[in-house]
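Notes follow the structure.
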Amino acid sequence: MATFELYRRSTIGMCLTETLDEMVSSGVLGPELAIQVLVQFDKSMAEALETQVKTKVSVKGHLHTYRFCDNVWTFILQDALFKYDEHQETVGRVKIVACDSKLLGQ
């Protein structure tokens, strides 16, 4: 199963990467094992989002920038309003990166 490395730029992904870098630098972990951990993280995040997240969210905002490159859409919204269930949240600036999940099966 192929995976995207999108989730490595999330807060938890960056913390994991930083921790693995420190462990490799201090000799606690080998670089090969650190790479295996990151690959497993990519797979686990994709699987968890596919199987465990059921909430639908609607997003409205001012489209500042959009881009489509290598089958990946990137949207930058300003004054974005997120609505889910009975809740809503406004965010000043948000970056949304979207990929075709069918590409993961190739």
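The values are calculated or read from the model by the stated rules, or taken from the named source; none is laboratory data. As the structure is a computational prediction, the values presented were derived from the model and not from experiment. We place every Cβ from the backbone using ideal geometry, glycine too, and count neighbours over all the protein chains shown. Protein only, heavy atoms only, side chains kept; ligands, DNA and RNA dropped before computing areas. Shrake-Rupley method; radii C 1.70, N 1.55, O 1.52, S 1.80 Å.
Structural remarks
- On the stretch given as region 67-88, residues that are exposed (fewer than 13 other Cβ atoms within 10 Å of the Cβ) and under 21 Å from Tyr7 (Cβ atoms) total 6.
Quick grid of which residues meet (1) open to solvent by 60 Å² or more (accessible area, probe 1.4 Å); (2) within 12 Å of the chain's Cα centre (by Cα):
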| residue | (1), (2) |
| --- | --- |
| Arg9 | yes, yes |
| Thr17 | no, no |
| Met23 | yes, no |
| Ser26 | yes, no |
| Ala34 | no, no |
| Glu50 | yes, no |
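- Annotation note: Cβ proximity below 8 Å between a residue of region 78-89 that is touching a residue at least 12 places away in the same chain (Cβ under 8 Å) and a residue that is among the charged types (D, E, K, R) and assigned to a loop (DSSP other than H, G, I, E, B) (sequence gap 6+ or interchain) occurs for Tyr84/Lys56.
- Answer residue from region 4-31, given it is of a type in the set (A, V, I, L, M, F, W, C) and outside any helix (DSSP H, G or I) and is modelled with the lowest pLDDT among those: Phe4
- Take the conditions (1) in a helix (DSSP H, G or I); (2) at pLDDT below 95; (3) among the hydrophobic types (A, V, I, L, M, F, W, C); (4) exposed (fewer than 12 other Cβ atoms within 10 Å of the Cβ); Met1 misses just one of them, which is (1).
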